[in-house]
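Trainee: There's a structure below that I have some questions on.
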Amino acid sequence: MANDNISIREQIFCNEYVKNGGNGTKAVISAGYAEQSASVQQTRLLKKDRIQGEIKRQNEFILRANALSKNQIINEQYQLFILAKSNEEYKTASTILESLTKLLGYAPTANNTKQINHNIKFETLLADIEPQYKDITPQNKTISDTYEAKLVN
């Protein structure tokens, strides 16, 4: 028994109270008290300091047992990332990596993003690669050009 000052029935009440989320009437009935006086009995039990202390002790234990530290979460996320990457599940790995960067605070925010405008012509890029493609603008044929071509043929 966790607390020597508490009877077995009171300990069962505390266990059931914590287990069912704080419903004192259900906890009293589960502990074996009479159903007719359950409401009165739960009020009487919850006024006792030793009962309150035991309930608090159990709740704190549950919190500690279920708590994960930030480092544990980061380590687990990293292990999942490595596993997904090694299994060539790149979409999953990318998703995990994205959540990991947010968790670590490395993800960019809307305030620190920059817009970059490029003012470069396509022809300039082509001229750097192949000089003969410097001007790729289609030439509009005039009526006289078309007529001269027919006369030559």
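Nothing in this text is a laboratory measurement; each read-out follows from the coordinates by a stated rule. Computed from a prediction, not measured in an experiment: that's the story for all the values here. Heads up, the Cβs are rebuilt from the backbone with ideal geometry, glycines too, and the neighbour counts pull from every protein chain shown.
Trainee: I'm trying to understand the selection: among the residues of the stretch 4-22, which are within 20 Å of F61 (Cα to Cα), assigned to a helix (DSSP H, G or I) and not hydroxyl-bearing (S, T, Y)?
Mentor: I8, E10, Q11, I12, F13, C14, N15, E16, V18, K19
Trainee: What about T25, is it part of a helix (DSSP H, G or I), among the β-branched types (V, I, T) and within 39 Å of the chain's Cα centre (by Cα)? Working first, answer last.
Mentor: Values: part of a helix (DSSP H, G or I): yes; among the β-branched types (V, I, T): yes; within 39 Å of the chain's Cα centre (by Cα): yes.
So T25 passes the test.
Trainee: Identify all residues within the stretch 17-36 that are surrounded by fewer than 18 Cβ atoms within 10 Å (Cβ to Cβ) and touching a Lys or Arg at 6+ places or on another chain (Cβ under 9 Å); write none if there are none.
Mentor: N20, S30, G32
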